[in-house]
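Only one structure is covered here, and it is reproduced in the block below.
The values are calculated or read from the model by the stated rules, or taken from the named source; none is laboratory data. What you are looking at is a predicted structure, and each value in this text was computed from that prediction instead of being measured. Cβ coordinates were reconstructed from backbone atoms using ideal geometry, including for glycine residues, and neighbour counts include every protein chain displayed. Please note that ligands, DNA and RNA were not included when accessible areas were found on the heavy atoms of the full protein model with its side chains. Shrake-Rupley method; radii C 1.70, N 1.55, O 1.52, S 1.80 Å.
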Amino acid sequence: MLTSLVELAELLALRTGPQRALGLLGLFPASALEAMRRRRFRRTLRVAAERSGFYREEFRRRGIDVRRIDHPSQLGDFFTTGDDLRSYGPDAFLVARADTAFETTGTTSPLPKRVFFSRREIADMGRLSAIWLHLLGLRPNDRVVSAFDCSFWVSPYVLRSGLDLLGCFHVEAGKIDAAEFYDRAKPYRPAALFGEPSWVVRLSEIARDRGAWPLKFLLAGGENISEAARRAVEDAWGAPLYLNYGQTESFGALGAECRLKNGYHRNDLYFFFEVPFPDADGYGEVVYTTLSSRAMPLIRYRSSDRTRLVDSACECGVSMGRLAKILGRSDEMVVCGMGNVGPWVFDELLRGVTGISGDWQVAIGHSGHRDAVVLHVEMEKSSGRDAAEAQILANLRGRFSDFWRNLEMRLFDFRVVAHPEGTLRGHNRKLRRVVDERPFTNHPQVVNL
Ligand SMILES: [Zn+2]
């Protein structure tokens, strides 16, 4: 009874104006929200077990009776992975008609993950986006320009679903060269700008040289950013840079920073978050279950992102708990200015290059505030390095047009370093191929393989 009252209140809150919605949502006691989450979880589980071929078969094979499950942890070692999405395909997960799809690339293969959504759930998510943008200071008479990549990517759609409700004047630039964006966006005098962090860093270099215009904020999503790079962006514009945290699998809406920028407030209305295997400090891989997906629900989806749940109150006054800043990935994929890169990308770059032998390793670091991708290769003769780098760059241009475009837009630096044969591995039995060396937080990076 209490949970249905809360659901009704939530429904009303999300259909009222953003300011009133925040007030109403803040009135929910934590216990009522938890009860509502569990109720939605049970419903998601039941629908998935009935209508999704993948979940029906997995639950049957594991002897799981979903009527007895009340909390995700009771599913034991059952999880859904990105590899499941790739190998079974979206149709195996569908429980109802879908209206659109988005894609994301992964760690192990060039095959993208495809995730389907319905217009209705996108509209639901849009209401929350609108509330959040209002919280950050955006108002209907503000103008915004976005530079999110529109190619198969969810973020422009997420933003649009929020802005449509908020009623802002909105121009979609797409992910174009930052200098061109500067010239073409400036005449609109936008109060807010949206883009990927590495792109925002590049735009801010241009703004520092050529002059900034007054902004309420910048909002970046799709990658992590170091605090030093964030400060450089904020100094260039004299405005805050907020981060959104999402994955395509979650319609990009897992959490977002408030004005205090101290972790991402979780979208607890639409997701059930867990960190099932925390270390002593509570950090571990985030796993989430979708609670509002009407087309393609995901149960205990492994995000591969490492962070912890923060349930202490935030001084901003928003009652929803937080995810601490993402520490890194639990797999070998790195999201950086080059794009989403895993070992297979560099295998492809090195394929057919002469003079390369034995091991290779990639280090993702910083060059100033820009990401730097340094490809360490073993070579028979180090004198062949220049020729090898030229071949690798030609492969980058010919085989990965997106990554090449990002290099041309100066979103990352790329370098090849030659080493004598047999030296990269050292005493390690297994060589980690892609290493993210960028410092995102003060917490030490711990990598579970
Ligand atoms: Zn807060």
Legend entry - Hits in segment 211-245 - residues which are at pLDDT 95 or above and assigned to a loop (DSSP other than H, G, I, E, B): G211, A212, W213, P214, L215, K216, G238, A239, P240
Legend entry - Contacts under 8 angstrom Cβ, first residue in segment 222-240 being surrounded by fewer than 21 Cβ atoms within 10 Å (Cβ to Cβ), partner of a type in the set (F, W, Y) and in a loop (DSSP other than H, G, I, E, B), 6 or more apart: S226/F440; E227/F440
Inset, instruction - Give A313, A324 a once-over and let me know the one that is within 16 Å of the ligand (Cβ to nearest atom) and more than 22 Å from S31 (Cβ to Cβ). - result: A324
Legend entry - Where M320 falls short, out of the listed (1) hydrophobic (A, V, I, L, M, F, W, C); (2) surrounded by fewer than 22 Cβ atoms within 10 Å (Cβ to Cβ); (3) without any contact (Cβ under 8 Å) to a residue 24 or more places away in the chain: (3)
Inset, instruction - Could you tell me whether segment 100-107 includes any residue that is part of a helix (DSSP H, G or I) and aliphatic (A, V, I, L, M)? - result: no
Inset, instruction - From (1) touching a residue at least 24 places away in the same chain (Cβ under 8 Å); (2) closer than 17 Å to S303 by Cα; (3) not aromatic (F, W, Y), pick out the condition that doesn't hold for D77. - result: (1)
Legend entry - Search result, residues across segment 340-367 that are on the phi > 0 side of the Ramachandran plot and in contact with a strand residue (DSSP E or B) (Cβ under 9 Å, 6 or more places away or on another chain): G355, G358
Inset, instruction - Go through the residues of segment 213-221 one by one and say whether even a single one is in contact (Cβ under 8 Å) with a residue 12 or more places away in the chain and farther than 30 Å from T307 by Cβ. - result: yes
Legend entry - Those residues of segment 368-404 which are open to solvent by 10 Å² or more (accessible area, probe 1.4 Å), touching a residue at least 40 places away in the same chain (Cβ under 8 Å), of a type outside the set (F, W, Y) and assigned to a helix (DSSP H, G or I), in sequence order: N395, R399, D402
Inset, instruction - Examine segment 356-367 for a residue that is part of a loop (DSSP other than H, G, I, E, B), open to solvent by less than 10 Å² (accessible area, probe 1.4 Å) and either modelled with pLDDT of 90 or more or closer than 20 Å to S198 by Cα (or both), and state whether such a residue exists. - result: no
Legend entry - Test: residue in segment 246-255 that is touching a Ser or Thr at 6+ places or on another chain (Cβ under 6 Å), in a helix (DSSP H, G or I) and more than 13 Å from the ligand (Cβ to nearest atom): yes
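So that you can scan it fast, the table gives a plain yes or no per residue for (1) within 16 Å of the ligand (Cβ to nearest atom); (2) touching a helix residue (DSSP H, G or I) at 6+ places or on another chain (Cβ under 7 Å); (3) in a loop (DSSP other than H, G, I, E, B):
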{"position": "S292", "(1), (2), (3)": "no, yes, yes"}
{"position": "P297", "(1), (2), (3)": "no, yes, yes"}
{"position": "S303", "(1), (2), (3)": "no, no, no"}
{"position": "S319", "(1), (2), (3)": "yes, yes, yes"}
Inset, instruction - For segment 241-265, enumerate the residues that are buried (at least 20 other Cβ atoms within 10 Å of the Cβ) and among the hydrophobic types (A, V, I, L, M, F, W, C). - result: L241, L243, F251, A253, L254, A256, C258
Inset, instruction - Specify which of the listed residues (R202, R208, R184) is assigned to a helix (DSSP H, G or I), in contact with a strand residue (DSSP E or B) (Cβ under 8 Å, 6 or more places away or on another chain) and either crowded, with 16+ Cβ neighbours inside 10 Å or at pLDDT 95 or above (or both). - result: R202
